[in-house]
Amino acid sequence: MTIWTTRPETTNDITAIRDINRAAFPTSGEADLVDALRADPEAWIDGLSMVTEGSDGTLVGHALLTRCHVDGAPALALAPCAVRPSAQRTGAGSAAIRAALDTARSMGENLVLVLGHSDYYPRFGFTPASGFGIRAPFEVPDEAMMAMALDDTRPVPTGTIQYPAAFGV
């Protein structure tokens, strides 16, 4: 497996991050979402947009954590996560996600939410959000809406997730 380098995005990375998301998904929806979240000062948290670099410095992966809330209490939403097709299944995405989660933990964040594949995200420690008493503001299979507490000693809020406006929900 390749050893990837991760770091927070810089302004010089914005075009490459857009390209990664456009390459990883069938539409520009996720790339547009990243741009909209970056423009939202209530959602964007400097240092929580992580990129994965290849040995030649080329950016191949991206993971984003932004501010959301659970019944008014602060939480983070992990979305989107993207990897260039040529680097998928090499650990580039996992490296970006782990770096983002580690950084969030070091910043004192606690609750992270993700809507995603139930066979992928548990490797990072995510479990069904319903086990925490957390629910999405829309219908979603229980196993797809997941949550993780970064600090088991801190309380986790319960209730409904409020996403930033850019998510459109």
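The table below lists the values:
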| read-out | value |
| --- | --- |
| Span from the the stretch 90-145 Cα centroid across to the the stretch 1-60 one, whole angstrom | 18 Å |
| Viscosity 0.692 mPa s, temperature 37 °C, Stokes-Einstein D of the chain from Kirkwood C-alpha radius, µm²/s | 205 µm²/s |
| Net +/- balance of residues flanking residue 167 in space, Cβ distance below 14 Å, scoring K and R +1, D and E -1 | -3 |
| Ellipsoid semi-axes in whole angstrom, largest first, where each is sqrt(5λ) of the Cα gyration tensor of the stretch 24-93 | 24, 13, 11 |
| Karplus 3J(HN,Hα) series, Hz, for the stretch 61-73 with 6.51 cos²θ - 1.76 cosθ + 1.60 (x for Gly, Pro) | x, 8, 9, 10, 10, 10, 6, 9, 9, 10, 6, x, 8 |
| Nitroxide proxy distance, nm - points 7 Å out along Cα→Cβ at residue 120 and residue 15 | 2.7 nm |
| Overall dimensions of the stretch 51-132 by Cα: Rg and Dmax, Å | 13.4, 44 |
| Distance (nanometres) between label positions extended 7 Å along Cα→Cβ at residue 7 and residue 39 | 2.8 nm |
| Between 0 and 90°, nearest 10: helix 14-24 axis offset from the chain longest Cα axis | 80 degrees |
| Beta bridge orientation in the stretch 1-149: antiparallel %, DSSP, nearest 5 | 95 percent |
| Convex hull projection area averaged over all views, the stretch 121-169, Cα basis, nm² | 3.9 nm² |
| Backbone HN-Hα couplings from phi across the stretch 51-59 [Karplus 6.51/-1.76/1.60, Hz, Gly and Pro as x] | 10, 10, 10, x, 4, 8, x, 6, 7 |
| Between helix 29-38 and the chain: long-axis angle, C-alpha atoms, 0 to 90°, nearest 10 | 80 degrees |
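Each value in this text was obtained by applying a stated rule to the coordinates, not by laboratory testing. If you're wondering where the values come from, they're calculated on a predicted model, not measured in any experiment. Positions of Cβ are backbone-derived with ideal geometry, glycine not excepted, and every protein chain shown enters the neighbour counts.
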